[in-house]
Amino acid sequence: MVGRPSKKVFCQARRKYDGQPCRAKGILCKNGRWICRYHGGKSTGAKTLEGKLKQYKNLLQYKGKTDEEIKRIIRKDT
Ligand SMILES: [Zn+2]
């Protein structure tokens, strides 16, 4: 975006600390809401199996499991 747009679309989330609307610029989300990047706008999480594996490995409940076991769990819930 270049310059100052006349109409700026703000994020529709509420600020946690004072309950006021967030004043950051929003991005149109899949669910039809405008959400800024601070409130989970763009990121949709890991997409590849390798990315998910890395993510799952950080979770406590998957500690000590092998890659194969975790991969099986990922395939099951996707
Ligand atoms: Zn926001």
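Every read-out reported here was derived from the displayed coordinates using simple, explicitly stated rules and does not represent laboratory data. Quick caveat, the model's predicted, so the values are computed rather than measured. So basically every Cβ, Gly included, is an ideal-geometry build from the backbone, and we count neighbours across all protein chains shown.
Taken one residue at a time, the phi angles of segment 7-22 give Karplus couplings (6.51, -1.76, 1.60, θ = phi - 60°) of 10, 9, 8, 8, 5, 9, 7, 9, 6, 5, 7, 10, x, 7, x, 5 Hz. Gly and Pro are set to x. Amide H contacts of F10 (H built 1.01 Å from N, in plane; Pro and chain starts excluded): G26 sit under 5 Å, all sequence-distant by 5 or more or on other chains. Just add up the charged neighbours of I74: K/R +1, D/E -1, any other residue whose Cβ is under 15 Å from the Cβ of I74. Here the charged neighbours net out to +4.
Could you tell me which of the pairs K30/K71; K47/K76; K8/K30 are separated by over 22 angstrom between their Cα atoms in the structure shown? The pairs that break the limit, which is 22 Å between Cα atoms, are K30/K71. The slack in the chain from Y62 to R37, taken as 0.36 nm per residue of separation less the alpha-carbon distance, amounts to 6.1 nm.
With θ taken as phi - 60° and the Karplus curve 6.51 cos²θ - 1.76 cosθ + 1.60 applied, the whole-hertz 3J(HN,Hα) list for segment 52-60 is 5, 4, 4, 5, 5, 5, 7, 7, 4 Hz, x standing for glycine and proline.
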